[in-house]
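First up is the structure itself, then whatever we jot down about it.
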Amino acid sequence: MSSQTVPPKDFEEALKIGRPPNIVKLFPNSKALIVSGKYIDRAALTKGQAISMAANGRNNFVIRGALRAAQRANAAIIIEIARSEGGANAYCAVNFWNIARQVDAACNELGVTVPVAIHADHYGIKKVEDIEGAKVEIPTLFEAGITSIAIDASHMPDDKNLLANLELNPYIPKWSGLETEVGEIKGKTGLSTVEEALFLIQGLNAHDIFPDWIALNNGTTHGIEASGQGIQVELTKDIHDALAPYAVSGAQHGTSGNSSERLREIAEKTRTTKANVATALQMISWGLEVNDYGNAILNDDGSFIKREGVGVTENMWAEIIVHAEANGLKGGNYKKLNLPFENRLLGQPQEVRERMIRRVEDFIYNMLVNVFNAENTADLALKAILETGSHDPGAKAERIENPEEWSPDKIVERAATITSDKGEKGDFDD
């Protein structure tokens, strides 16, 4: 299934020098080109107006389908799992500590040669007390093969968000891809502002921390988006333009709820290089009816529409519905079915597993090629590895802020001057 366009000797050299030390230690004989998230970002920037998909691997079928699609499109890709999905209180069988092993095994089995990053998404810090535990847990993620992480303290006030990022940064390898977030992802309320984003990125810059991505609340939501404007392109562009001196790219969350046209606009008009797709891929793998951009289509009574002969078997789907009803699960909360049913789904006949994977592959391939403009970014990432001669391409930015102006006391003082609307309260975890 290989679509590799670079000479085999170049791939072998990239394999030798491009894999981070944790990956080399875990998989010494592997032929999977698992790399820092930094290289995925660089590839999209080099192509221009291109976005790399960050596919949330909520189940093994999504992981395999995403890798096959990336190989077919010759696209660099990110496979990720969020803390709510795959952390200590996970609702998925795929988790922070086994996702790299699943990706590596699939790459070797399927002959996948495109560069792949393993991203720990939405590593949530919801209160100051969470920080000490994170100092213990974050290193274990990298020991298990994570090559990129998103520190998400956006649930807290701006000063505490910045201070949490500063305190946790020593526990993240310098070579790792790094994402930060301002404005909790919650739809049309609590939208991020230029002022908030600048505060976070400038404060990090003053301490020699240069994130690869920043995630915003730019009008979208996690899960199933039934209505609303979705991504606000102009707001995103304004914030990215203001952040241009700091060379940070955008990470787009809540992609499943937005049309292909809006996503193309994000690629064309903003500095977005990473787009998370989660709920759509789960629904597609199960065989549910979706629209052209992966949002589940519902019956009048709010129930899902299962396509016959697609995804899981009809008998399995009937069992899923019974389990969901018994546990009061509806709509987007069907995500909580991943954990109890993963082994059941893996125990289906080969032809059923294959059609689940193929449906994910076809959807992601179309997104990579016709929406995100990511085709052939694999070659650009591989070329960057060869030119750098290292698993670490270094930072895109340099320090331009004065550290003395960003001491803890001054961070608190500055934050008090920010006009901020964090929006409604609630649980907005993916």
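The values are calculated or read from the model by the stated rules, or taken from the named source; none is laboratory data. Predicted model only: the values in this text are computed from it and were never measured. Cβ placement follows ideal geometry from the backbone for every residue including glycine, while neighbour counts extend to all protein chains displayed.
How about region 253-266: which of its residues are of a type in the set (Gly, Ala, Ser), crowded, with 21+ Cβ neighbours inside 10 Å and touching a residue at least 40 places away in the same chain (Cβ under 8 Å)? The one that is of a type in the set (Gly, Ala, Ser), crowded, with 21+ Cβ neighbours inside 10 Å and touching a residue at least 40 places away in the same chain (Cβ under 8 Å): Gly254. Within region 290-300, being surrounded by fewer than 19 Cβ atoms within 10 Å (Cβ to Cβ), in contact with a helix residue (DSSP H, G or I) (Cβ under 9 Å, 6 or more places away or on another chain) and over 16 Å from Lys330 (Cα atoms) holds for one residue alone: Asp292.
Before we move on, is Ile118 at pLDDT 95 or above and either under 15 Å from the mean Cα position of the chain (by Cα) or closer than 14 Å to Ile81 by Cβ (or both)? Yes. Look at region 85-106: where a residue is touching a residue at least 24 places away in the same chain (Cβ under 8 Å) and a partner is surrounded by fewer than 18 Cβ atoms within 10 Å (Cβ to Cβ) and among the β-branched types (Val, Ile, Thr), sitting 6+ places away or on another chain with Cβ atoms under 9 Å, you get Phe96/Thr140; Trp97/Thr140.
Considering only residues that are touching a residue at least 40 places away in the same chain (Cβ under 8 Å) and either among the charged types (D, E, K, R) or farther than 21 Å from Arg353 by Cβ (or both), which ones fall in region 299-333? Scanning region 299-333 gives Gly331, Gly332.
Let's see how each residue does on (1) of a type in the set (Val, Ile, Thr); (2) touching a Cys at 6+ places or on another chain (Cβ under 6 Å); (3) more than 30 Å from Val233 (Cα to Cα):
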residue: Glu12; (1), (2), (3): no, no, yes
residue: Arg19; (1), (2), (3): no, no, yes
residue: Phe27; (1), (2), (3): no, no, yes
residue: Gly37; (1), (2), (3): no, no, no
residue: Gly48; (1), (2), (3): no, no, no
residue: Arg58; (1), (2), (3): no, yes, no
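Taking the numbered list (1) under 28 Å from Thr140 (Cα atoms); (2) modelled with pLDDT under 95 in turn, Val24 passes all entries but (2).
Listed by first and then second residue, the pairs linking a residue in region 24-35 that is touching a residue at least 12 places away in the same chain (Cβ under 8 Å) and crowded, with 17+ Cβ neighbours inside 10 Å to a residue that is of a type in the set (S, T, N, Q) and outside any strand (DSSP E or B), with Cβ atoms under 6 Å apart and 6 or more places separating them unless they lie on different chains, are Ala32/Asn108. Residue count for region 55-92 under the criterion of being among the polar types (S, T, N, Q) and farther than 26 Å from Gly124 by Cα: the result is 2.
Restricting attention to region 400-420, the residues that are outside any helix (DSSP H, G or I), under 13 Å from Asp158 (Cβ atoms) and among the aliphatic types (A, V, I, L, M) add up to 2. Taking each residue of region 50-69 that is under 19 Å from Ala378 (Cβ atoms) and in contact (Cβ under 8 Å) with a residue 24 or more places away in the chain and looking for partners that are assigned to a helix (DSSP H, G or I) and among the polar types (S, T, N, Q) with beta-carbon atoms closer than 8 Å, six or more apart or interchain, yields Ala50/Thr377; Ser52/Thr377; Gly57/Gln102; Ile63/Gln102; Gly65/Ser285.
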